[in-house]
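No lab work stands behind these numbers, since they all come straight from the coordinates. All figures in this text were calculated on a predicted structure; none of them were measured in a lab. Cβ sites come from the backbone with ideal geometry, for glycine too, and all protein chains shown count toward neighbours.
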Amino acid sequence: MSYVSLYRKYRSRNFAELVGQTVIVQTLQNAIKHDRIAHAYLFSGPRGTGKTSAARIFAKALNCKKGPTPEPCDECENCAKIKGGHSADVIEIDAASNRGIDEIRELRERVRYAPLEGRYKVYIIDEVHMLTPEAFNALLKTLEEPPAHTLFILATTELQKVPLTIASRCQRLDFARLKLNDIKGQLQKIAKSEKFQIEDKALELIARSAEGAMRDAISLLDQLVSFSSGQITYDDVVTLLGTADEALLFGFADAVAANDPNQVLALVRKGMEEGRSMQQVTRELVFHFRNLMHLKAGTGEALELTTDQLQRLGEQAKKFSLERIKEVLRALSRAELDMKWHPYGRLVLEVALLELLEARQADAVAKRVSESDVRPVIATRTSPPPNETPIAAATAGHIPSDGSLAGIKDHWSAILENMRKKSIYGFVSLHEGEPIELAQSGKLVIGFRKGYSFHKERLEEAKNKEALEESIREVVGHRIPVECIISDRPNSPTLSVNSVAEFFNGKVV
Ligand SMILES: [Zn+2]
């Protein structure tokens, strides 16, 4: 016998089995009980929340030999045919597969015929927002004058893409994302009846990673079963998902709290060595800090977490101010977005985390400086006289450059060194570029290879640009404006991306 996926095997057969959509179930059952069935329904909601299952159950409830009934028997001839997908009266159209042109045309021709076996002809159109404008028009004409024995169930994950003319002719039912405990409960049920051994922590992680989509959770369980031969551990889930485990997440947050860049970089490296996806790790970090934020703000009960997790998070939350947590969340969310188009997720995460620590260090330095202001004698002595330019100090040991392109190139390492002192992140980005032209406009053009636009854009940020122009001035003697471009020219060997972590590791204090 061929293998039936767990998702198909445990697909809800009746309303009682449809998990987590009580309002919808009640609405549909009442429609049948009170004989107030609409001509068209629009099921909207995220994927994997039971829209298609609910549509099929509703079709069975209407056409069941013992019906119409609020709960179909699932055994009679009609129910069996609908379940097997070969009922002549229940027609499923997947608008995503070919945008529905032929199907809708056929639908318009055949919609007038009475149902053959059951009471209703039910058209289930999945991902209805994918229909072409022509198909939508054809559908609209049908919806305007629906035959009495016909019922439409339109399902969509993107409600905003369904034309209002269509949506307004349907009774809309919104499917919610499933609650963590609902998903967990269903997984437990499946594990029990399939006789899988599965750790509770593993169940928890599967349910959490599914983000409210039952189908995703069950598919993941299916994969895990073949991956781990019947005995599923938390580590199996972590390995398969490429997610960060809890130790890693708590470790990151501790390192950020302690302002420890070495520890942060060591954890990124550990994550890489364990084969985790940096995007996934960043996402989980966002969730972790979101949890901390809720605990800090006193809204922890809203989180779907175990008592043990809540307690540990509560302890960790004490190490942060609410403002600091928000700062971390902003930086991590930005990093997560940046990663979508930047090829080196690791670098993006490292820079984001180190920048957070740098900001904190800058605050600490500022605090020390303002404390030293209390003792004016020392402060005056250590500050340079106001009119003295720092050129002499910065270029000590260098012959000043003549300001030509060749001169700038000759002194590029001195410029880089100045940049390193002003902005370590600007420095890393500058390292990935090279001076290629002194344009007629007087601008120094710095070229970056394709795929390095992340560095180009970072260097173009006002504070880094300012730092660079100042670094050049300190070497050349006058200010040269810079312009960054993406260039096809091969760059000379630069700092490799993999060595960035080692670089930071050695140099960041
Ligand atoms: Zn039946």
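The H on the amide N of Arg172, modeled in the peptide plane, is under 5 Å from the matching H of Leu42, each at least 5 residues off or on a different chain.
A protection proxy built from the mean count of other Cβ atoms within 10 Å ranks the segments 310-316, 260-266, most packed first, as 260-266, 310-316.
Amide H contacts for Ile232 (H built 1.01 Å from N in the peptide plane; partners 5 or more residues away or on another chain; cut-off under 5 Å): Gln197, Ile198, Glu199.
Across 10 Å bins from the origin, how do the percents of Cα pairs in the range 6-174 run, short distances first? Calculated P(r), rounded to whole percents: 10, 42, 38, 10, 0. Each of the peptides 105-112, 149-156, 455-462, 332-339 was scored by the mean count of other Cβ atoms within 10 Å over its residues; in descending order, highest first, they stand as 149-156, 332-339, 455-462, 105-112.
In order along the range 255-262, the Karplus-derived 3J(HN,Hα) couplings, from 6.51 cos²θ - 1.76 cosθ + 1.60 at θ = phi - 60°, round to 5, 5, 4, 7, 6, 10, x, 4 Hz, and Gly and Pro are given as x. Residue by residue, the range 191-201 carries 3J(HN,Hα) couplings of 4, 5, 6, 8, 6, 8, 8, 9, 5, 4, 4 Hz when phi is fed to the Karplus relation 6.51 cos²θ - 1.76 cosθ + 1.60 (θ = phi - 60°); x denotes Gly or Pro.
Across the range 461-470, coupling constants 3J(HN,Hα) worked out from phi with the 6.51/-1.76/1.60 Karplus curve, θ = phi - 60°, read 4, 3, 5, 6, 5, 4, 4, 5, 5, 5 Hz, and Gly and Pro carry x.
Which of the residue pairs Lys9/Lys184; Lys81/Lys192; Lys65/Lys141 have a Cα-Cα distance greater than 22 Å in the structure shown? Beyond 22 Å between Cα atoms: Lys81/Lys192; Lys65/Lys141.
Amide H contacts for Ile153 (H built 1.01 Å from N in the peptide plane; partners 5 or more residues away or on another chain; cut-off under 5 Å): Tyr41, Tyr123, Ile124, Ile125. Cβ-to-Cβ counts within 10 Å put Tyr425, Tyr113 in ascending order as Tyr113, Tyr425, the fewest first.
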